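Engineer: Dropping the structure in here first, questions after.
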Amino acid sequence: MKTIFYPLVIVFALVLLSGTSEDDDQKNSIQGVWELENRYTYDNNTVIDTIHNVDGYRQIKMYHEGKVMWTRFVPKDSVEWFGYGSYNTTDNALQEKLEYGSASMMRIIDTMRIFSFKLVTDKNHFSQITIDDEGNSIFSENYKRIK
């Protein structure tokens, strides 16, 4: 009986101690579809202005299995904006490496391919915050989960 009991206790303990549930892993994940709610500008790491979307403006980002796609629609602008690439995250950082985009975006990608942000997440919102060389927040895009 002891030969069966002790291995079962060890296996059971390992299962309990093996980590977090899938829900915990996913609750602050950016995997999914997101819509831009607004943008903030900062001074001394304090929000000094909120820029709301104008009527009809939409920006959508999709993150899935290490890939990112985004598109922007501005009703009064004929310039197309979209991009595709890869991404990775840590608890507080997001890095996007764009590989392809609209003609307007390709001009930017030709000079800067990797975009790094401070990342703040909760289950249904995330902010990608641009920081300066001293680590101060200067601008953020704030998204809500739509799927």
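Every number here is computed from the coordinates shown, using simple stated rules; none is lab data. Since this is a predicted model, take the numbers as computed values, not measurements.
Engineer: What whole-number distance in Å separates the alpha-carbon centres of the range 106-147 and the range 58-97?
Structural biologist: Each part reduced to its Cα centre gives a spacing of 10 Å.
Engineer: Another one. Assuming a strict under-23 Å limit between Cα atoms, what lysine pair count do you get for the range 28-145 once near-sequence pairs (fewer than 8 apart, same chain) are dropped?
Structural biologist: The number of close lysine pairs in the range 28-145 is 13.
Engineer: Also, I was wondering about something else. Please list 3J(HN,Hα) in residue order for the range 54-67, calculated via the Karplus relation 6.51 cos²θ - 1.76 cosθ + 1.60 where θ = phi - 60°; whole Hz, with x for glycine and proline.
Structural biologist: Running phi through 6.51 cos²θ - 1.76 cosθ + 1.60 with θ = phi - 60° gives 7, 3, x, 5, 9, 9, 10, 10, 10, 10, 7, 6, x, 10 Hz.
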